[in-house]
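Asks: This is the structure I want to talk about, given as structure tokens.
The values are calculated or read from the model by the stated rules, or taken from the named source; none is laboratory data. Predicted model only: the values in this text are computed from it and were never measured. With ideal geometry, Cβ positions are generated from the backbone for all residues, glycine too; neighbour counts draw on all protein chains shown. The area values use the complete protein model at the heavy-atom level, side chains included, leaving out ligands, DNA and RNA. Shrake-Rupley method; radii C 1.70, N 1.55, O 1.52, S 1.80 Å.
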Amino acid sequence: MPAFPQIVTRAGCPQCSPVRAALRRMSTSPFSSCAFQQRTSSWWPSRRPPSTATSRRSLVVAAAASNFANENREYVIVGGGNAAGYAARTFVEHGMADGRLCIVSKEAVAPYERPALTKGYLFPLDKKPARLPGFHTCVGAGGERQTSEWYKEHGIEVLYEDPVAAIDIQNQILTTSSGNHLKYGSLIISTGCAAVRFPENIGGNLPGVHYIRDVADADSLVSSLEKAKKVVVIGGGYIGMEVAAAAAGWNLDTTIIFPEDRIMPRLFTPSLARRYEELYQKNGIKFIKGVLIDKLEGGTDGRVATVLLRNGSIIEADTVIVGIGAKPVVSPFEAVGLNNNVGGIQVDSLFRTSVPSIFAIGDVAAFPLKIYDRMARVEHVDHARKSAQHCVRTLLTAHTQPYDYLPFFYSRVFENEGSSRKIWWQFYGDNVGDTIEVGDFDSKVATFWLDSESRVKGIFLESGSPEEFALLPKLAKSQPVVDRAKLQSASSVEEALEIASSSL
């Protein structure tokens, strides 16, 4: 590990005292390797002498010349999704963003709450669809709306539409796709995931075939939905179910196709899946289960026209949405260390990679899931937010508490104006063990996962009250032993939750 160089700050500067403290802590960490030097007179533009405002920027990453595209070099975040937005807010909260933080993103807009893209963003245009700047981070967690102006006001440099293509770990330099070079002291990798795509040779890139990961993807899909008559959704997971529900709001002929025997098989029990499938069918959505896609074919105009199944069936479609999973975007950071079991970049419980001064957060991070004593990679906005906050606190303070995450998933569908029933469910914990389902789906339903000792391992609730939803993480975290017989005989969700909560 290279020696930590001399650190120079401005004596008496109120902004520098916390910086000095943070840097002292970093210098003693085996995972920190940052190079800083005093800003010399040549760094100051002749038109702007040092002032109170610029004194906050007196610490910069060491560089021999000014041939780097980023001015802010102390901390660099690669990626422009949820995790990047929440990380930026945490830097601001610690007074360490102004003049120090740079975000480099492949997107054309500031970080936003990505879940909206398969929910409110796809509402018909006459039913109040979500649009930016309405859902920039961090409104999803009740925070401030961080527009591009917010980043400027807080001295955060954001480089748009220029993803990182290469990294020089030894010299701490990034190269972007445009050829720009970026210097960093500490690097946070927040590249998220990319949609799994069908190969081009089976029609995966035909006009009218859509994948959803960013605003540009969602805009393209909305444009297709405006003209669509027959929609096919491929995949019965989160993306498939949410997009199909949105398409129903457009009153379109919609079919969901997937190879499993039920929707959401990784979470839903057969009974729960059946209830949701019936709800979707009431909204005019058709299911084709247990089949594989052979290829997508275009019509005379080149646009997708049919979906050919392996069983020989042909389904007409002028718009196809593919939601068959996602894969972590690890390139070009493979050298920092990957996890070959769960995928993604390997980190410890403080989100540190094997390379000093490099961290990874959000969907791309493979981290120790402390509560279940296993490695995990979680593709969910809740983890993106919390991992970002935990990582930045680790980087800037003496915080060394291991990340202790409780898995949480949710979905909201049929929320557009005019919908006969709005659906919102939440799940906390681990869906392992025996299941007990309680309640009438027409009002609300709950499913409990119990291990062999009757401990609550996971809990699912549909259409609960705020108080009931708030009880779920307490149960999943505490894992109380419940009276299995009483739970099975509960006549309502309310009674079941009371039985479970009495065991806390």
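Asks: Taking the highest mean first, how do the peptides 155-166, 381-392 order by number of other beta carbon atoms within 10 angstrom per residue?
Replies: So the peptides 155-166, 381-392, ranked by packing, come out 381-392, 155-166.
Asks: Give the long-range amide H neighbours of Gly325: residues separated by 5 or more places, or on another chain, with amide H under 5 Å away, using H modelled in the peptide plane at 1.01 Å from N.
Replies: The list, which skips near neighbours in sequence, is Val196.
Asks: In addition: Need one word for region 200-324: rounded, prolate or oblate. Basis is the Cα gyration tensor (sqrt eigenvalues a ≥ b ≥ c); a/c below 1.5 gives rounded, then a/b vs b/c decides.
Replies: The shape class here is prolate.
Asks: Per residue of the chain, what 222 nm ellipticity follows from adding -39500 (n - 2.57) for every DSSP H run with n ≥ 4, rounded to the nearest 500?
Replies: Helices in the chain give a 222 nm mean residue ellipticity of -7000 deg cm²/dmol.
Asks: Still on this model: What's the carbon and sulfur percent of region 422-502's accessible surface, probe 1.4 angstrom, rounded to a whole number?
Replies: Working: 1630 of 3450 Å².
The C+S portion of the solvent-accessible surface of region 422-502 is 47 percent.
Asks: How about region 393-426: which trypsin sites (Lys or Arg not before Pro) there are in a DSSP loop, with at most 15 other Cβ atoms within 10 Å of their Cβ? Walk me through the numbers before you get to the answer.
Replies: Values: sites: Arg393, Arg412, Arg421, Lys422; in loops: Arg421, Lys422.
In loop regions of region 393-426 (DSSP not H, G, I, E or B), the sparsely surrounded trypsin sites (Lys or Arg not before Pro) are Arg421, Lys422.
Asks: So which lysines pass the test for Lys444, namely a Cα distance under 20 Å, with those fewer than 8 places away in the same chain ruled out?
Replies: Lys282, Lys422, Lys474, Lys486
Asks: May I ask you to order 349-358, 114-123 by the average number of other C-beta atoms within 10 Å around their residues, highest value first?
Replies: 114-123, 349-358
Asks: Leaving ligands, DNA and RNA out of it, work out the accessible area of Phe333 with a 1.4 Å probe and give it in Å² to the nearest 10.
Replies: 0 Å²
Asks: While we're looking at this one, here's another question. Suppose we keep just the DSSP beta bridges with both residues in the chain; what percent of those would be antiparallel, to 5? Intermediate results must be reported in sequence, preceding the final value.
Replies: Numbers: 52 of 84 bridges.
Antiparallel: roughly 60 percent of the beta bridges in the chain.
Asks: Find the centroid of the Cα atoms in region 243-319 and in region 414-457, then give the distance between the two in whole Å.
Replies: 23 Å
Asks: Evaluate E = 1/(1 + (r/R0)^6) for His181 and Ala335, where r is the Cβ-Cβ distance and R0 equals 25 Å; express this FRET efficiency to the nearest 0.05.
Replies: Once rounded, the FRET efficiency stands at 0.90.
Asks: Hey, if you drop one equal point scatterer on each alpha-carbon of the chain and run the Debye formula without solvent, what base-10 log of I(q)/I(0) do you get at q = 0.06, 0.11, 0.13 Å⁻¹?
Replies: Calculated log10 I(q)/I(0) at the listed q: -0.32, -1.00, -1.26.
Asks: For the chain, what is the accessible area per residue in Å², given a 1.4 Å probe and the full set of protein chains?
Replies: Using a 1.4 Å probe on heavy atoms only, each residue of the chain averages 42 Å².
Asks: I've got another one for you. Apply the Karplus parameterisation 6.51 cos²θ - 1.76 cosθ + 1.60, with θ equal to phi minus 60°, to every residue of region 360-374 and state each ³J(HN,Hα) to the nearest whole Hz, in sequence, with x for glycine and proline.
Replies: 9, 9, x, 4, 7, 8, 9, 10, x, 8, 4, 4, 10, 6, 8
Asks: Can you give the charge dipole size of region 422-502 about its Cα centre, rounded to the nearest 20 debye, using +1 on the beta carbon of Lys and Arg and -1 on the beta carbon of Asp and Glu?
Replies: The dipole of region 422-502 has a size of about 260 debye.
Asks: Averaged over every viewing direction, what's the projected area of the C-alpha convex hull for region 387-504? Give it in nm², one decimal, please.
Replies: 9.3 nm²
Asks: Ranking request for peptides 469-479, 195-205: highest mean number of other beta-carbon atoms within 10 Å first, then the rest in descending order. Don't skip to the answer; put the middle values down first.
Replies: On the way: 469-479: 17.5, 195-205: 14.3.
Ranking, from highest mean packing down: 469-479, 195-205.
Asks: Out of the total accessible area of region 200-324 (probe 1.4 Å, heavy atoms of protein only), what percent is carbon and sulfur? It would help to have the intermediate numbers written out before the result.
Replies: Working: 2600 of 5400 Å².
About 48 percent, which is the carbon plus sulfur part of the accessible surface.
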